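To start, the structure itself, in structure tokens.
The values are calculated or read from the model by the stated rules, or taken from the named source; none is laboratory data. What you see is a predicted model, and the numbers here were worked out from it, not measured in a lab. Don't worry about glycine lacking a Cβ; one is built from the backbone with ideal geometry, like all the others, and counts go over all protein chains shown.
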Amino acid sequence: MTEQAQQFEAVALSYLNAAYNLARWLVRDEQVAQDMVQEAYLRALKYRESFRGGDMRPWLLGIVRNTCYTWLQQSKQREDQVEFDEERDSENCELIFGQTESNPETLAMRKQESLHLNQSINALPAVFREVLILRELEELSYDDIAVVAAIPVGTVMSRLSRARAMLRAALQRGEIV
Amino acid sequence: MMENREDSELAALIKHKADYFEAPQDLRGRVSRMLTPTPVVPERASRWLVWRQWWGVGAAFAMGVMLSVAVTSLRGLPASQDRLIEQVLDSHVRSLMVAHLSDIASSDQHTVKPWLSSHLDFSPPVADLASAGFPLLGGRMDYLEGRAVAALVYQRHLHTINVFVWPLRDKPSGAPVSATRRGFNLKSWDKNGMQFWAVSDIQSAELDKFETLLREQSGL
């Protein structure tokens, strides 16, 4: 193996957690997510020539994303086609969290809160879910998210804004699931 | 886009409260083997070749693997020995890459040894070679040759040395190996029924010195 090949592989492997986290949030199943990541890495190897240098993360995550979307479409999970109601979902909602104190009594509540948060994110359509995950958990820049999702930066911003509004609304609606 | 206070609060909430799914170890292993094909790959490959559409890629891989087998075989080592070298090397590289050097991080041999003994079915010799310039960083469990092994982590200046140790049982280990692969030096030896494999990117002469020190001071 050439040194260049080794480097490609080392860098690709260093983004495995990011790849798996994105896949796991997109397909919402542990085993499928593993399959998706493995398949995506195979594709990455196959199309490594299309990587033009620079930061590999958005390029690699883009492949992971596309692999997941192919699976989502095949399994007829057309949830991302759900109509978005701007008026309904963008209401200026008060956050229901933020008042949590750091005393032991709130621990159980916090656990509940995490569960509820995860469920609320999972309930978002995939196109909104992915921008939230990429932005808040992977801390990607808008430019990088645009590369991953193959959309203009402006669309990244509007999707992110809608995703946040939808999540806030969901969190407020189901205070206790 | 301006992110207001509400957005920041929501961001913090997601960051701290939402799940972050780290890649499971077996996925890491599979992907790692896929990325750095070793002679082991053809057997393991059958598992992921269940995706039919990847037959073509699989064939290309097999070709690559066959080539690499052909190349490495030229060096005159038995195939089993050669495979072990690659496994040791992969484990070493992986330990550096995933920032998972130690399950037990301690420079105290009397902390590391009991920890390893309690997690393995043998008790590996652990020596602190700090006075000789090879401080002990810790230990962890690893997996080689189909069994759990002890990995001891030492440091030489800014370089990391992994020492894999496991009992020989009834299997002869073959002749001691001294090899250089992909810029890493490897050495193997037996002592008192244990097999040792040391791997690092330090120079071969340094690794020789390390081996001598470890053999002398490993308390056996």
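Restricting the first member to region A:6-24 and to residues that are within 7 Å of chain B (Cβ to nearest Cβ), and the second to residues that are surrounded by 15 or more Cβ atoms within 10 Å (Cβ to Cβ) and among the basic types (Lys, Arg), the beta-carbon pairs closer than 7 Å and six or more apart or on different chains are A:Leu16/B:Arg28.
Spot the failing condition for A:Ala108; the list is (1) surrounded by fewer than 19 Cβ atoms within 10 Å (Cβ to Cβ); (2) within 13 Å of chain B (Cβ to nearest Cβ), and only one is missed. With respect to (1) surrounded by fewer than 19 Cβ atoms within 10 Å (Cβ to Cβ); (2) within 13 Å of chain B (Cβ to nearest Cβ), A:Ala108 is out only on (2). May I ask you to verify whether B:Ala148 is outside any strand (DSSP E or B) and in contact with a strand residue (DSSP E or B) (Cβ under 9 Å, 6 or more places away or on another chain)? Judged against the criteria, B:Ala148 is not a match. Considering region A:112-143, and only residues there that are charged (D, E, K, R) and more than 8 Å from chain B (Cβ to nearest Cβ), the residue that is farthest from A:Gly174 (Cα to Cα) turns out to be A:Asp143.
Would region B:138-147 turn up any residue that is surrounded by fewer than 19 Cβ atoms within 10 Å (Cβ to Cβ), within 14 Å of chain A (Cβ to nearest Cβ), over 24 Å from A:Asn17 (Cβ atoms) and basic (Lys, Arg)? Looking for residues that are surrounded by fewer than 19 Cβ atoms within 10 Å (Cβ to Cβ), within 14 Å of chain A (Cβ to nearest Cβ), over 24 Å from A:Asn17 (Cβ atoms) and basic (Lys, Arg), one finds none in region B:138-147, hence no.
Restricting B:Ser200, B:Ser178 to those that are in contact with a His (Cβ under 7 Å, 6 or more places away or on another chain), surrounded by 14 or more Cβ atoms within 10 Å (Cβ to Cβ) and small (Gly, Ala, Ser) reduces the list to B:Ser200.
Within region A:159-171, residues that are facing chain B (nearest Cβ under 7 Å) have Cβ atoms under 7 Å from residues that are charged (D, E, K, R) and in a helix (DSSP H, G or I) in these pairs: A:Arg164/B:Asp7, counting only partners at least 6 apart in sequence or on another chain. With respect to (1) β-branched (Val, Ile, Thr); (2) over 20 Å from B:Ser8 (Cα atoms); (3) modelled with pLDDT of 90 or more, the lone exception for A:Val153 is condition (2).
Taking first residues from region B:135-159 that are assigned by TED's automatic domain parsing to the domain that holds B:Lys113 and partners that are part of a strand (DSSP E or B) and small (Gly, Ala, Ser), the Cβ contacts under 6 Å between residues at least 6 apart in sequence or on separate chains come to B:Gly138/B:Ala105; B:Arg140/B:Ala151; B:Met141/B:Ala148; B:Asp142/B:Ala151; B:Leu152/B:Gly139; B:Val153/B:Gly138; B:His159/B:Ser200. For region A:110-128, the set of residues classified as part of a helix (DSSP H, G or I) and over 15 Å from A:Arg24 (Cβ atoms) consists of A:Arg110, A:Lys111, A:Gln112, A:Glu113, A:Ser114, A:Leu115, A:His116, A:Leu117, A:Ser120, A:Val127, A:Phe128, listed by residue number. One residue alone among B:Leu101, B:Leu84 is touching a strand residue (DSSP E or B) at 6+ places or on another chain (Cβ under 9 Å) and modelled with pLDDT of 85 or more, and that residue is B:Leu84.
Could you count how many residues in region A:129-142 are part of a helix (DSSP H, G or I) and without any contact (Cβ under 8 Å) to a residue 40 or more places away in the chain? Final tally of qualifying residues: 5.
Residues in region B:6-40 that are more than 22 Å from A:Tyr20 (Cα to Cα) and more than 10 Å from chain A (Cβ to nearest Cβ) were compared, and the one that is modelled with the lowest pLDDT is B:Val40. Is it fair to say A:Trp59 is at pLDDT 85 or above and either surrounded by fewer than 17 Cβ atoms within 10 Å (Cβ to Cβ) or within 20 Å of A:Arg129 (Cβ to Cβ) (or both)? Criteria not met by A:Trp59.
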